[in-house]
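Comments concern the structure below.
What follows is calculated from the coordinates using simple rules that are stated; it is not laboratory data. As the structure is a computational prediction, the values presented were derived from the model and not from experiment. A quick note on method: Cβ atoms are made from the backbone with ideal geometry, for glycine too, and the neighbour counts reach across all protein chains shown.
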Amino acid sequence: MDQTTRDALLAMYDVPDPAHPGRVIPGYDKEHAERTTRIVLRVAEAVGLDGRRLADLEITTLLHDLGRTGMDPELFGAVFGLAQERGLPVRIAELRARYPGVTEEQAVPFFLDLLAPALRDKGIPVTDAVTDHVAMRMDFKGRLRRMLDQRRAELDRLGIAVKPWMETVMLYYYYPHGMEGQPGDVRTMGMLLVACENFEAYNNQRRGRDYYGRQGERLREVFTTLEGFRERGLVSSEVMEALGRLTASGELDGIIKESRGFPAGAPLPDEDLAFQRELLAGRT
């Protein structure tokens, strides 16, 4: 993909500010999507994905978080941080696992009802903005589809079609059941996206500060989280091993440093270098 097209896709994360006509809300997830794409393409090559899939996979990954455009990280963090404090599920798959009678269409109002007492205690009114931010997780599918529809004319001008399987890959993290019956390489691409976007997110200093409540980013903790995805069947051992090899080799160091806001010439912390050596030793 040429840089002009790449930039045009990433610009879709920037949206008009409904509260301030003439202003734009910068895409919070734009840099995350760009870095995730670089990681995905490297891991895809490492697992031997058919090269004919790479162009569409690049588009898929660049657009994968479009369902969260317009996000205010402070509000998002306040809502879901409060939910975590109260022991509530914070993603739709977790919500429906705990409350199997709740349909996808009911998820947003049901979650708001669960959280309402905590919101009242904190003096947070249930505004349209709060409801919209809840939808960024509890109705990610609907929100992603609306954003893609809004960008249809721009995508057409770029000669880009978002195929149904590409949408399935984008939605896999929140709606893993949607992958049932898909070809093996589509499943692999879903796993690549889940592993690599979370690798970037758990190395992302800004996300950690804004709404994960982290004190710092460490490779050991990143891989502990990813191992949980493997145990749940969201990510395959093959994808995990490829990501581990690339991490151990240092090939992803530059992206890790970008995610953490390190200067380009700064080394990774000793703790991370030690973990890379452990990964390398485990693969030799």
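Assorted remarks:
- Full-stretch length increase - E94, A8 - with 0.36 nm per residue and alpha-carbon distance subtracted: 27.6 nm
- 3J(HN,Hα) couplings calculated from phi for region 36-48 with the Karplus curve 6.51 cos²θ - 1.76 cosθ + 1.60 (θ = phi - 60°) are, in sequence order, 4, 4, 4, 5, 4, 5, 5, 5, 4, 5, 5, 8, x Hz; Gly and Pro show x.
- 25 Å Cα-Cα reach of K30 towards lysines, excluding residues that sit fewer than 8 places from it in its own chain: K141, K163, K257
- Taking only Cα atoms of region 159-258, radius of gyration then Dmax in Å: 14.5, 43
- Tail weight of P(r) past 16 Å, computed on alpha-carbon pairs of region 44-92, percent: 61
- Approximating the spin labels as points 7 Å out from Cα along Cα→Cβ, the R214-to-R232 distance works out to 1.7 nm.
- Note on D17 and A264: the model spin-label points, each 7 Å out from Cα along the C-beta direction, lie 3.2 nm apart.
- Local electrostatic count at E85 - Lys and Arg +1, Asp and Glu -1, tallied over other residues with Cβ under 11 Å: +1
- Set of region 255-279 residues, backbone N closer than 17 Å to the point 7 Å along the Cα-Cβ line of E31: 255-266
- Fewest-first ranking of H133, H177, using other Cβ atoms within 10 Å as the exposure measure: H177, H133
- The calculated 222 nm mean residue ellipticity attributable to helices in the chain amounts to -18500 deg cm²/dmol, summing -39500 (n - 2.57) over DSSP H runs of n ≥ 4 and dividing by all residues.
- Fewest-first sequence of R206, R86 by Cβ atoms within 10 Å of each Cβ: R86, R206
- Helix 237-249 vs. the chain, principal-axis angle (Cα, 0 to 90°, nearest 10): 60
- When peptides 151-161, 60-70, 40-50 are sorted by average Cβ neighbour count within 10 Å, with the highest value leading, the order is 60-70, 40-50, 151-161.
- Gain on full stretching of the segment that runs from E241 to E180 - 0.36 nm per residue minus C-alpha separation: 19.6 nm
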